[in-house]
Amino acid sequence: PWCELTLTARNRRRDSTRTMDDEDPVDNRPDLEEACKPKCAKFVTAYEGCVGRVEKDTTGEAHCTGQYFDMWGCIDKCVAPNLFKHTK
């Protein structure tokens, strides 16, 4: 099919531009997120506490959406300034 040919041509073109000096990209975000968790301890603790309460909930209606977004909002804000310092 034409879509397989297109993808094959695209991959061949991309592979031909790579040199031996090229390295696979490394995602530093998980390390940066872990480093930021202590700075966001208030939100991490609130989320983990909520998860504990939800696990004990028998109604199935409890959730930690607010705590989840608060925690990741803090972590993302902390990670953002450093994230692109590590890219080439």
For T6, indicate whether it is out of contact with any Ser or Thr (no Cβ under 6 Å at 6 or more places or on another chain), outside any helix (DSSP H, G or I) and modelled with pLDDT under 90. no
Does F69 qualify as being among the hydrophobic types (A, V, I, L, M, F, W, C), modelled with pLDDT of 95 or more, open to solvent by 100 Å² or more (accessible area, probe 1.4 Å) and within 15 Å of the chain's Cα centre (by Cα)? yes
I want to confirm something. Restricting to the range 30-41 and keeping residues that are more than 13 Å from P81 (Cβ to Cβ) and touching a helix residue (DSSP H, G or I) at 6+ places or on another chain (Cβ under 8 Å), which single residue is least open to solvent (accessible area, probe 1.4 Å)? C40
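The values are calculated or read from the model by the stated rules, or taken from the named source; none is laboratory data. All figures in this text were calculated on a predicted structure; none of them were measured in a lab. Note that each Cβ is placed from the backbone with ideal geometry, even for glycine, and that neighbours are counted across all protein chains shown. Side chains included, ligands, DNA and RNA excluded: accessible areas come from the protein's heavy atoms. Shrake-Rupley method; radii C 1.70, N 1.55, O 1.52, S 1.80 Å.
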